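Heads up, the thing below is written out as structure tokens.
The values are calculated or read from the model by the stated rules, or taken from the named source; none is laboratory data. On a predicted model such as this, the values are computed, not experimentally measured, just so you know. Cβ atoms come from the backbone with ideal geometry, glycine included; neighbour counts cover every protein chain shown.
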Amino acid sequence: MKIGFLFPGQGSQFVGMGKDLYEKYDEAKEIYKKVEQITGIDIAKLSFEGPEEILNQTKYTQLAILTHSLATLEILKEKNIQAEISSGLSLGEYTALIYSKALSFEDGVKLVQKRGEYMQDLAPKGDWQMAAVLGVEDNKVEELCSNVTKGFAVPVNFNCPGQVVVTGDKQGIEQLQEIAKEMEIKKIRILNTSGPFHTEKLIESSKALRKELENITIHKFETKVIRNIDGELYTEEDDIKDILAKHIVSPVRFSKGLNKMIELGVDTFIEVGPGKTLSGFVKRIPNEKELKIVQFGTVIG
């Protein structure tokens, strides 16, 4: 058995997440306390009680999901469940880097706090929308977006075969829906989240984070980590600070990363943190192997 950890990103949050782990496991409670000490934010109270409209703000969402995933990792560690390789969806890449020891716990938490703040506060104002294009190949979604001439629409999350998330402004997404009908693309779902994430619209956020990255130390990887920007493994030669700055303005190639993990022999995927979204992505990867897929973010039994 070869285990791969998957760490969720923004959108997987919900009020109450992690509360049962916090109440049952001292290891989980300690993680929440450490994050509060580092950030000055009572992340336990926010995660467990909300309110939802505050938890859903990017500057809090990212920190809350990271904390839940790190707390869950502590419980897995106590049960001697470890992974040789991991991947995270957008924000989740930071969890993977902390798990690999490339980022220290404190540096990783501080970076995610700043990342969330910059992505929220430095994003340009606009009527942003996100939409999932379902049931067609990646290249067809890229073609669809390239035909949008009014407003703005670009593919940002290549999640799994048959699911690509597009972000844009209201005008661009409306035209995208019209063009999709002409191209006989029938399934487009407007998502309950918005923002020009992973596009050049967040260039100021990227620049600000790059300055923060200058203050941290990158350590030697103890486990392998997949890069979102191209679905390949991080190497010791990578300029990790530059990659993480570009991460904010570059599409997420999560589907390629899952294929890479399978190619490297992973046969057991454990989604660590809130939600089951990433487990669903794994199930849609064409593969001849029999894969085991587990989600762990709540008390079992």
Counting only residues that are out of contact with any helix residue (DSSP H, G or I) (no Cβ under 6 Å at 6 or more places or on another chain), in contact (Cβ under 8 Å) with a residue 60 or more places away in the chain and not in a loop (DSSP other than H, G, I, E, B), which one in region 1-37 is nearest to E290 (Cα to Cα)?
-> I3
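Could you please let me know if S104 is assigned by TED's automatic domain parsing to the domain that holds I218 and over 27 Å from M1 (Cβ atoms)? Spell out the reasoning first.
On the way: assigned by TED's automatic domain parsing to the domain that holds I218: yes; over 27 Å from M1 (Cβ atoms): yes.
Yes; evaluated as a whole, the condition is true for this residue.
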Just need a number here: residues in region 132-153 that are surrounded by fewer than 20 Cβ atoms within 10 Å (Cβ to Cβ) and part of a strand (DSSP E or B).
-> 2
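State which residue is surrounded by the fewest Cβ atoms within 10 Å (Cβ to Cβ) when the search covers only region 215-229 and only residues that are farther than 23 Å from Y118 by Cβ and under 18 Å from the mean Cα position of the chain (by Cα). Outline the logic, then answer.
Of the residues in region 215-229, the ones farther than 23 Å from Y118 by Cβ are 219-224, 226.
Those left that are additionally under 18 Å from the mean Cα position of the chain (by Cα): 224, 226.
Numbers: K224: 20, I226: 27.
Across region 215-229, the extreme among qualifying residues is K224.
Being assigned to a loop (DSSP other than H, G, I, E, B), hydrophobic (A, V, I, L, M, F, W, C) and under 26 Å from the mean Cα position of the chain (by Cα) is the filter; apply it to region 175-214 and report the residue that is farthest from L122 (Cα to Cα).
Looking only at region 175-214, we keep the residues that are assigned to a loop (DSSP other than H, G, I, E, B), and these are 183-186, 191-199, 214.
Still in the running and hydrophobic (A, V, I, L, M, F, W, C): 183, 185, 191, 197.
Imposing the further condition that a residue be under 26 Å from the mean Cα position of the chain (by Cα) reduces the set to 191, 197.
Values: L191: 22, F197: 11 Å.
The selected residue is L191.
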